[in-house]
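Undergrad: Dropping a structure here in structure tokens format, bear with me for questions.
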């Protein structure tokens, strides 16, 4: 009976804990992105930028380093838990910043994802508004005045009457 229970125990162990179920080192972090300016809603800060990345399967924490590329100065270096996928850091205008991120777990560390960006407000500013020329009224073309129908009618009556007089006079002469 003891052998049967022992065999059942080992069978259950292999079923619930297969030999390939060892934790894996996280993959290389993907989707690393430095964004400038740092905006929350409609409010933007031109003295901060942010670095974000995709969540990696199996990661229990992330290690990140923000470096000012021009001077090789590390601005921030930290380890954050796996729920943190974005950090904010201070910047100086017209300098390039690089964000390096790698995921870790109990098995080890994955590959580093990286992204760099020149933080410059110059290309972000909207052009100064120029006043548009004021619209001027364009006169509409007018049609030449039409003679009143009365003038034509009067002329027709006079000519018609004259024709009757001539025809009437001819009729009298011929008779």
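Undergrad: Quick one: is residue 34 within 26 Å of the chain's Cα centre (by Cα) and at pLDDT 95 or above?
TA: In short, yes.
Undergrad: Another question, then. Of (1) farther than 11 Å from residue 119 by Cβ; (2) surrounded by 16 or more Cβ atoms within 10 Å (Cβ to Cβ), residue 74 satisfies all except one. Which?
TA: It fails just one condition, (2).
Undergrad: I've got another one for you. What number of residues in the range 56-70 are over 17 Å from residue 107 (Cα atoms) and modelled with pLDDT of 95 or more?
TA: Qualifying residue count, the range 56-70: 6.
Okay, residues lined up against (1) surrounded by 12 or more Cβ atoms within 10 Å (Cβ to Cβ); (2) under 24 Å from the mean Cα position of the chain (by Cα); (3) touching a residue at least 12 places away in the same chain (Cβ under 8 Å); (4) more than 20 Å from residue 23 (Cβ to Cβ):
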position: 82; (1), (2), (3), (4): yes, no, yes, no
position: 87; (1), (2), (3), (4): yes, yes, yes, yes
position: 90; (1), (2), (3), (4): yes, no, yes, yes
position: 96; (1), (2), (3), (4): yes, yes, yes, yes
position: 100; (1), (2), (3), (4): yes, no, yes, yes
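Undergrad: Then there is this: Of these, 18, 26, which one is over 26 Å from residue 95 (Cβ atoms), in a loop (DSSP other than H, G, I, E, B) and either modelled with pLDDT under 90 or in contact with a helix residue (DSSP H, G or I) (Cβ under 7 Å, 6 or more places away or on another chain) (or both)?
TA: 18
The values are calculated or read from the model by the stated rules, or taken from the named source; none is laboratory data. All figures in this text were calculated on a predicted structure; none of them were measured in a lab. All Cβ positions, even for glycine, are placed from backbone atoms using ideal geometry, and neighbour counts span all protein chains on display.
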